[in-house]
Amino acid sequence: MIWIDLENKLPTDTNIPNWVPWTKAQWSAWLGKSAQLAADLAALDAAGQRDERNALIDSNSAHWGALKEWLLVLSAGKCWFSEVRELYSHYDVEHFRPKKEAKALDATVRDGYWWLAFNYMNFRVCGNVGNRKKGGWFPLKEGSLCSTHAQPCEESESRYLLDPIDDDDVALIAFDEEGKVIPMPGISAWEQERVNETVKRLKLNDHVPLAEARRKVWLQVDKLIADFTNAKARCDAGNNPAAKAKLIQVRARVREMTSPAAELSAVARWCLLLRNDPQLSRLVG
């Protein structure tokens, strides 16, 4: 999982790499249609026409689909949850809070967050391996406030699902040498539960190709650390052009693997930072 600064990004931004900015008129038109659709949904819901309300959501999927390319550019083409490009299958624009129904841990169902169906701040990019498994899954901690259209309080919900646009959530994730996502050491029992439920629901460990790709990244970084340590020792022993050249090569590769644009950069960063070595930490891109 990687942090995406969605709150401070817009399709009109001119400083997003590999993105042709929308005009302000285009963005204003998109927002205007979103507002109209939200009003139409509210009218149908108030009239008790839930089936018609949900049908209206489905018939306008192209509206959120129009933002798919921009959302992908924000993550350098990577799934926001798995941090890979191809191994997690095709991309979906996923609604973080499900739009038609929300399922609890025990599979009981409550009404969805339909009023957020066309709110871009509720959009995430997810490979469909995880998105199909997630479906309407959005449990809340027992006793949590639950947001409704009449009394919206999304920011006060105690949710299980980790959110890529919440940097505190992303910080709860760590990895082991077998390529598995694990809770960050030292976090609370509730935070551990959130990590474990998110990993299970999104198949972040059960999807074998994904776990294997993480394991390979870990092994590559392990090898780079060994090469760095050996070359550094040779340099410290005296002038050694070959060892110096090796250090430069290793540094470049480590920075490449830990760059936000690299696949599974979070795994590479964690493998390095786990050593708690200042010299290695400085290599992180």
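The values are calculated or read from the model by the stated rules, or taken from the named source; none is laboratory data. The structure displayed is predicted, hence computed values, not measured ones. Because the Cβ atoms are built from the backbone with ideal geometry, glycine has one as well, and the counts that use them run over all protein chains shown. The area values use the complete protein model at the heavy-atom level, side chains included, leaving out ligands, DNA and RNA. Shrake-Rupley method; radii C 1.70, N 1.55, O 1.52, S 1.80 Å.
What number goes with the only condition from (1) out of contact with any strand residue (DSSP E or B) (no Cβ under 7 Å at 6 or more places or on another chain); (2) open to solvent by 60 Å² or more (accessible area, probe 1.4 Å); (3) more than 19 Å from Pro260 (Cβ to Cβ); (4) of a type outside the set (Asp, Glu) that Trp115 does not pass? Of everything listed in (1) out of contact with any strand residue (DSSP E or B) (no Cβ under 7 Å at 6 or more places or on another chain); (2) open to solvent by 60 Å² or more (accessible area, probe 1.4 Å); (3) more than 19 Å from Pro260 (Cβ to Cβ); (4) of a type outside the set (Asp, Glu), Trp115 misses just condition (2).
When you scan the stretch 197-219, do you find a residue that is in contact with a helix residue (DSSP H, G or I) (Cβ under 8 Å, 6 or more places away or on another chain) and more than 30 Å from Leu140 (Cα to Cα), even just one? The answer is yes; a qualifying residue exists.
Taking each residue of the stretch 11-32 that is closer than 14 Å to His63 by Cβ and looking for partners that are outside any loop (DSSP other than H, G, I, E, B) and open to solvent by less than 90 Å² (accessible area, probe 1.4 Å) with beta-carbon atoms closer than 7 Å, six or more apart or interchain, yields Pro11/Trp27; Pro11/Trp70.
Matching residues to (1) at positive phi; (2) of a type outside the set (Asp, Glu); (3) open to solvent by 30 Å² or more (accessible area, probe 1.4 Å):
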{"residue": "Ile4", "(1), (2), (3)": "no, yes, no"}
{"residue": "Glu7", "(1), (2), (3)": "no, no, yes"}
{"residue": "Pro17", "(1), (2), (3)": "no, yes, yes"}
{"residue": "Val20", "(1), (2), (3)": "no, yes, yes"}
{"residue": "Thr23", "(1), (2), (3)": "no, yes, yes"}
{"residue": "Ala29", "(1), (2), (3)": "no, yes, yes"}
{"residue": "Gly32", "(1), (2), (3)": "no, yes, yes"}
{"residue": "Ala38", "(1), (2), (3)": "no, yes, yes"}
{"residue": "Arg53", "(1), (2), (3)": "no, yes, no"}
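Candidates Glu94, Glu142, Glu155, Glu177: the one that is acidic (Asp, Glu), under 23 Å from Leu10 (Cα atoms) and either free of Cβ contacts under 8 Å to residues at least 12 places away in the same chain or assigned to a loop (DSSP other than H, G, I, E, B) (or both) is Glu155.
All of Glu7, Glu52 fail the test of being at pLDDT 95 or above and within 30 Å of Ile182 (Cβ to Cβ), apart from Glu7. Taking the criterion of being at pLDDT 95 or above, within 16 Å of Arg159 (Cα to Cα) and charged (D, E, K, R), the residues of the stretch 81-123 that qualify are Arg97, Lys99, Glu101, Lys103, Arg110, Asp111.
Whether any residue in the stretch 256-270 is open to solvent by 30 Å² or more (accessible area, probe 1.4 Å), hydroxyl-bearing (Ser, Thr, Tyr) and either within 25 Å of Ile4 (Cα to Cα) or part of a loop (DSSP other than H, G, I, E, B) (or both) is what I want to check. Looking through the stretch 256-270, at least one residue is open to solvent by 30 Å² or more (accessible area, probe 1.4 Å), hydroxyl-bearing (Ser, Thr, Tyr) and either within 25 Å of Ile4 (Cα to Cα) or part of a loop (DSSP other than H, G, I, E, B) (or both).
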